Each structure stands twice: as structure tokens, then as C-alpha cells.
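The structure appears right after this line, and notes come after that.
Just so it is clear, none of the values below were taken in a lab; they were calculated from the coordinates. Remember, it's a predicted structure, so these values are computed and weren't measured experimentally. Here the Cβ is made from the backbone with ideal geometry for all residues, glycine too, and neighbour counts use every protein chain on show.
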Amino acid sequence: MIDNKKVLFSGMQATGNLTLGNYLGALKNWVSLSDEYECFYSVVDMHSITIRQDPATLRKRARALLTLYIAAGLDPEKNCIYYQSHVSGHAELSWILSCFTYMGELNRMTQFKDKAAKHADNINAGLFTYPVLMAADILLYQADVVPVGIDQMQHLELTRDIAQRFNGIYGDVFTIPEAYIGKVGAKIMSLQDPSKKMSKSDENPNGSIYLMDDPDTIRRKCKRAVTDSLGEFRYSDEQPGLHNLIDIYCSCTGKTPDEVVSEFSGSGYGQFKEAVGEAVVSILDPLQKRVAELEKDKSYIDSVIKNNAEKANYYAQKTLRKVQKKVGFPEKIR
Ligand code: ATP
Ligand code: LTN
């Protein structure tokens, strides 16, 4: 608890251009939760280097992501928006927690298996211990809730196991976090292959709508989205392409699938795809305008980076000192 508010932590990697999936599945929920909780939203650049990155590009993308957090509606006066690499406590706690995590647990992580298969030439130890760093992110701020997409549930379960194990040995040190999975948009699928999640690292750019795509590109991608040949307007798992477009439309407009089905039941897929395109444009256009404005104000963004890193460090150090004492590290002499 901070000032009688429960604590929320979440983060995103600056590994590519963000997609509509990232926005509807994560960022949008973050904004709606930000009044209720004391929030920490990190640009997890330390996680990003588990995959080889070009330094200049990583720096640029990390700043763009931080700017996007603000543009999406997270007020940096109320929410702590910061770079993970600016708070050394993440790495320090991660080391300690790695001594409380079993190889067998890490071996079971599906994200590790997926990423290792994808980057067979660089299966580094960081990629393997990635979930420990994620546990450190969350536990460092004593987070009560962690909004993530379904794909991150396994990492969150591991975080809870590590925290419970530590508490079992040393007493109540860590708050045990709960996942928060949004109701709509928890899994937006690729527009080209609705059996696959929309992902920023997808090789086919037509499968994903990027948050910075211009309106015509968005309309074109929606128009070309894969549907089916049944020609029936239903919200059904048997029609995954249409199901996904209905999810996107509902998430952008706030309508329910039932309302959408009755609104479009007489019309063809083409007309609906156009409406989806317009709904996405109407969400992304204002977002892009706010990003452009914020990018002009370099000193404002710099001050957010500086002030929030200090705030994050303050809370991180509180937990870290407690943990260091518990495991038996000697007090620093000041
Ligand atoms: P990558 O392609 O690099 O693995 P990604 O696009 O899957 O990346 P992450 O950086 O892993 O995105 O995820 C950031 C956040 O966005 C996480 O909370 C994740 O669950 C959520 N998210 C990612 N893709 C989707 C999606 N298609 N639908 C809903 N939520 C998503
Ligand atoms: N692993 C997450 C990103 C991430 C995260 C976190 C999410 C790193 N640390 C802490 C929530 C809480 C991902 O790949 N989406």
C-alpha cells in the first residue's frame, strides 16, 4: 500500500513498433486502472536485451514507448513512468530471487521455449532467467495487481511462487501479486492468420495494425483482413477472423458483441470491415496527434524521466534494503 492505495505494476518491452494488440490488450486497461491504484509503468529495457538489439534503435524505441504511455492517457504526475534500467534495484533483487528459483521452473516457461526456438543462435542465460527479472520488477514495488495479457500468466504464477517461497522462509516480505486480465481485447489475433496472436515481431506487416500506421494503411489492413466463406454474421469460434474483428470493434467502440451482431447482421463482411477500419482510426488518430505534440516537448519528457526514476528508486530501495537484511547481507556503513 502506498498512501492507502493498492499498488499496480506493469511493463512493456521496447522491442518493436507497438501494435493494436498491445494497445487494446494492455495500455488501454492501464489507463482505466490508473485512478484506482498507485501505479508503476516501466519501459522494461533490461528485458529487451535478452534478444540482440541495435543500441541506437533500442534507445529511440524506449523513448517512443515512454512517450506513448503518456500519450495514451497515463498522467506522469500520478503514475510512475520510468525506464527499468534507471533503477538498479531491479537487477539487484533479480540476483537474490534467482537464488530462490529452480532451474526446473524456468525450464517450463513457454515464452523461453518460443524465443529460444526463434533465436537459436543466441540462447543466452538472460533469456532463460528473464522471468526472474520480471518477478523482481513486480515484487520490488510490492505490487498487488499486474495487468497483463493472457500470454504472461505463466510468468505471473512463477512470480507468486517465488514470493511465497521467500515469505515462507523469511516472513511476510513480499506482497503476493494478482494478475489482471482485461475483459475485452485480452487476445487480439493477427489480421492475416487469426490463429496467431497479433505481435509486433510478426514478419508479415499486414497481420498487425501498428499504432503509428496512417489512416489509409489502417483502412487497407482491415479491408484485407482474413475472414471466411460462410457469409454469416455471427460471433462464433468457428469464424475466428470475424470473431477477432468483432473483438477489435467492440474494444474500440465500447459496444458488446451482441449489439454489433444485430447492427451488422444484414450487411456483408465488407461493410463491417470498413466500420472496423474507421473505429480503429478514430482511436489511433488522436493518440498519434498527442504523440507528435509530446515529441516536440523534449524538456518535458526529460523531466518526467528524471523525476519518475527518482520516485521509483525510492520505493525500490525500501524493498531492497528489507530483502538484503533478511538474506543476511551486512548493513552499509554510512
Ligand atoms: P513480441 O512480438 O516482441 O513478443 P508482443 O507484441 O507479443 O511482443 P509484448 O511486449 O510481449 O508484446 O507485450 C506487451 C503487453 O501487451 C503484454 O501485457 C501482452 O500481454 C500484451 N499483448 C501483446 N500482444 C497482445 C495481443 N495480440 N492481444 C492482447 N494483448 C497483447
Ligand atoms: N514479460 C512482459 C513484459 C514485462 C512485464 C514485467 C509485464 C517485464 N516485466 C512486469 C508485467 C510486469 C512481456 O513480455 N510482455
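Among the residues making up the range 143-186, a single one is away from ligand 2 (no atom under 13 Å from the Cβ), in contact with a strand residue (DSSP E or B) (Cβ under 9 Å, 6 or more places away or on another chain) and under 30 Å from residue 236 (Cβ atoms): 182.
For (1) under 30 Å from residue 88 (Cβ atoms); (2) crowded, with 17+ Cβ neighbours inside 10 Å; (3) in contact (Cβ under 8 Å) with a residue 12 or more places away in the chain; (4) more than 27 Å from the chain's Cα centre (by Cα), each residue gets a yes or a no:
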{"position": "279", "(1), (2), (3), (4)": "no, yes, yes, no"}
{"position": "318", "(1), (2), (3), (4)": "yes, no, no, no"}
{"position": "321", "(1), (2), (3), (4)": "yes, no, no, yes"}
{"position": "328", "(1), (2), (3), (4)": "yes, no, no, yes"}
{"position": "332", "(1), (2), (3), (4)": "yes, no, no, yes"}
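Summed over the range 49-79, the residues that are of a type in the set (Lys, Arg) and in contact (Cβ under 8 Å) with a residue 60 or more places away in the chain give a count of 2.
If you check 170, 130, 82 for being within 30 Å of residue 298 (Cα to Cα) and in contact (Cβ under 8 Å) with a residue 40 or more places away in the chain, only one passes: 82. One residue stands out in the range 232-251 among those that are outside any loop (DSSP other than H, G, I, E, B) and in contact with a Gly (Cβ under 9 Å, 6 or more places away or on another chain): the one that is farthest from residue 208 (Cα to Cα), namely 250. Would you check if residue 68 is buried (at least 22 other Cβ atoms within 10 Å of the Cβ), more than 11 Å from ligand 2 (Cβ to nearest atom) and within 27 Å of residue 280 (Cα to Cα)? Here the answer is yes, as residue 68 does meet what is asked. Scanning the range 213-247 for residues that are surrounded by fewer than 20 Cβ atoms within 10 Å (Cβ to Cβ) and within 14 Å of ligand 1 (Cβ to nearest atom) yields 240, 243.
The set of residues from the range 2-34 being away from ligand 2 (no atom under 15 Å from the Cβ), without any contact (Cβ under 8 Å) to a residue 40 or more places away in the chain and either surrounded by 20 or more Cβ atoms within 10 Å (Cβ to Cβ) or not in a helix (DSSP H, G or I) (or both) comprises 3, 4, 5.
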